[in-house]
Structures are given as C-alpha cells and as structure tokens.
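Structure, as structure tokens:
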Ligand code: NAP
C-alpha cells in the first residue's frame with residue numbers, strides 16, 4: 001500500500017524552462033520566484049531593463065535565471081526574446097504571460113484611441129505575440145503549458161476601464177481558443193483572473209486615477225468576501241498549480257483569484 005502511494009506521487013522537483021513575462025515586478029516577479037522554488041529554470045522578460053536586471057540578481061539566489069529585455073507589444077522583440085531563451089536552454093516547457101499595463105482611462109468617451117491602442121497592444125496583442133512565438137517550441141518539445149494572466153475585469157465590468165476590460169476579456173477568449181487548438185498537441189492553456197493584488201500596478205492605479213479610481217476600489221473592496229487586496233504570491237500559487245503535475249487535466253480553465261468578489 002505504502003509503495004503504491006509512493007509510486008503515484010510525482011517527484012518534488014519539476015523540470016523544464018518557464019518564460020515569465022512582466023517578471024520585473026508584482027505578479028510576474030512572484031511567479032518567477034515560485035517557479036524557481038518549484039525547480040524550474042526561469043527566463044524573465046520585461047520592458048523595464050533596469051528593474052529586470054535587479055530582479056534577475058535577486059532571483060539567481062534560488063536557481064538558474066535568464067533575463068531577456070523586450071516589449072511584448074513589439075513582434076520582432078518578442079520573437080528575438082523567445083529565440084534567445086530557446087538558444088540558451090535548448091527547450092521551452094511553459095509560458096506565463098503576466099506583462100500588462102493598468103487601464104484606468106475613464107469612460108469610453110474619455111478613453112482616446114491612443115489609450116485604447118496602448119492597453120490593447122500590451123495586454124492582449126502582447127499576450128498573443130508571446131504565444132505566437134512560443135507555441136512552436138512547446139510543440140517541438142512534445143507539449144507544455146501556457147498560463148495567461150487576465151483579470152476580474154475580463155469577467156465583469158468595472159468603472160473607467162473599457163480598454164482594460166476589453167483587453168482582459170480578449171485574453172480569456174484567446175485562452176479558450178488556444179486550449180481547443182493545442183490540446184491535441186499536449187499543450188494546456190489556462191488563465192488566471194486576479195482581483196485586486198497588492199503590486200506597484202494597483203498602487204499606481206489608485207493614485208493616478210484620482211477620486212473615480214478610489215471609488216471603484218472601494219466598490220470592489222465592499223464586494224470582496226475575503227478582505228483584500230491579495231498578495232502576488234496568491235496568484236503565483238495558482239499559476240504554480242497550473243504549471244505543475246496536478247494541472248495535467250486542466251485546460252481552458254478561467255481561474256479567479258479574487259477573494260470571491262466576482263461571486264458576490
Ligand atoms: P506590475 O507590478 O506593474 O508588473 C507588470 C510588469 O510588466 C512591470 O514590470 C511592467 O513594466 C511590465 N510591462 C508593462 N508593459 C510591458 C511591455 N509592453 N512589455 C514587457 N513588459 C511590460 O503589475 P502587476 O499588478 O504585477 O500585473 C501583472 C498582470 O496582472 C497584468 O497583466 C495585470 O493586468 C494583471 N492584474 C493585476 C491586478 C492587480 O490588482 N495588481 C489585478 C488583475 C490583473 P513597467 O513597470 O515598466 O510598466
């Protein structure tokens with residue numbers, strides 16, 4: 001009996017290379033830390049080169065780390081970054097798309113075309129571009145995982161953020177479409193929808209958005225079942241589950257990590 005249990009348990013140390021975007025800060029950084037703790041080799045990508053180098057120096061205490069500077073909204077930069085990861089490590093097991101920009105731009109009249117293009121360009125097109133460049137390498141390795149970070153605003157509306165909500169709903173749709181296409185290749189594609197998480201983005205959106213952003217954050221806080229905000233590590237834990245051995249039967253999943261507020 002003891003032997004049967006032991007045989008069914010996966011080794012504690014996971015293997016493979018995970019590319020985490022937006023890894024210089026917040027949720028991406030916590031995810032990179034968690035991936036290293038779980039035994040993965042990690043490539044960290046961000047457009048903030050200075051913060052990325054600082055993050056990589058810290059992360060190297062826990063394992064093998066490659067920093068790659070790139071803007072996820074620029075196709076040639078993404079293609080070069082993914083090639084560099086594969087050239088360096090010879091494989092790619094998983095991608096976590098955490099790079100993103102906040103989007104308190106006011107209502108649809110106040111949100112100008114340049115706001116719209118910037119938010120959609122990073123949050124939705126950026127996620128697509130990283131998947132576009134990475135999936136051939138996951139396929140070449142016989143399968144893998146993709147985890148996209150969407151948002152509570154990918155599932156429900158929120159004040160003053162039409163571009164952000166559209167970008168994050170697009171990420172949910174992209175996730176489900178990819179899950180259908182790539183399951184036969186052994187590539188599992190899921191997304192995580194965080195509620196308010198205590199990161200530089202959340203702190204910036206409260207301070208930059210003025211009174212309407214503060215009112216929105218109070219509205220969200222009133223509906224949360226678990227007092228928030230959450231920690232970046234709460235999201236990293238959900239990502240770790242989707243990347244790890246227990247996530248082997250999950251694809252097309254939209255996993256809320258929001259203290260229950262979209263349920264209330
Ligand atoms: P964060 O602390 O600002 O981290 C995001 C990182 O992505 C930053 O280092 C940022 O660099 C980088 N980035 C931005 N644009 C990029 C680009 N074009 N190319 C490459 N890197 C880029 O934010 P976070 O709160 O951890 O957010 C991570 C993800 O979670 C985002 O997709 C966000 O929409 C989502 N999310 C966050 C919350 C929350 O409450 N925090 C809630 C729901 C969803 P810069 O600092 O230079 O911009």
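Here, each number is a calculation from the coordinates, and none is a lab measurement. Since this is a predicted model, take the numbers as computed values, not measurements. Here the Cβ is made from the backbone with ideal geometry for all residues, glycine too, and neighbour counts use every protein chain on show.
Could you work out [θ]222 nm for the chain from helices alone, using -39500 (n - 2.57) per DSSP H run of at least four and dividing by all its residues? Round to the nearest 500 deg cm²/dmol.
Taken over the chain, the calculation gives -14500 deg cm²/dmol.
For residue 233 and residue 83 in one chain, what is 0.36 nm times their gap in residues minus the Cα-Cα distance, to one decimal in nm?
Here the segment from residue 233 to residue 83 would lengthen by 51.1 nm.
Out of all DSSP beta bridges in the range 2-257, what portion is antiparallel? Express it as a percent rounded to 5.
Expressed as a percentage, antiparallel bridges in the range 2-257 total about 0.
Over the Cα atoms of the range 2-257, what radius of gyration and what Dmax do you get, in Å?
Using the Cα atoms of the range 2-257, the pair Rg, Dmax is 17.9, 65 Å.
Want the number for residue 110 to residue 263: 0.36 nm per residue separation, take away the alpha-carbon distance, what's left?
Full extension of this stretch gives 52.1 nm more.
At q = 0.15, 0.23 Å⁻¹, what is the log10 ratio I(q)/I(0) for the range 153-243, with the Debye formula run over Cα points and no solvent?
Per q value, in the given order, log10 I(q)/I(0) is -0.69, -1.27.
Rounded to the nearest 10 degrees, what's the angle between the helix 162-182 long axis and the longest principal axis of the chain, both from Cα atoms, 0 to 90?
20
Tell me the angle of helix 49-59 to the major Cα principal axis of the chain, expressed in degrees between 0 and 90 and rounded to the nearest ten.
Tilt relative to the chain: about 50 degrees.
If I model a spin label as a point 7 Å beyond the Cα along the Cα-Cβ vector, how far apart are those points for residue 198 and residue 180 in nm?
4.1
Would you mind checking the range 50-83 for residues with the amide N under 20 Å from a putative spin-label position 7 Å along Cα→C-beta of residue 132?
Label zone hits: 69-83.
Which angle from 0 to 90°, rounded to the nearest 10, does the C-alpha axis of helix 210-223 make with the longest principal axis of the chain?
60
Arrange the following residues from fewest to most other Cβ atoms within 10 Å of their Cβ: 124, 29.
124, 29
If you build a Gaussian network model of the chain, linking Cα atoms that sit under 10 Å apart, which residue out of 172, 74, 85 swings the most?
In this elastic network of the chain, the residue with the biggest mean-square fluctuation among 172, 74, 85 is 74.
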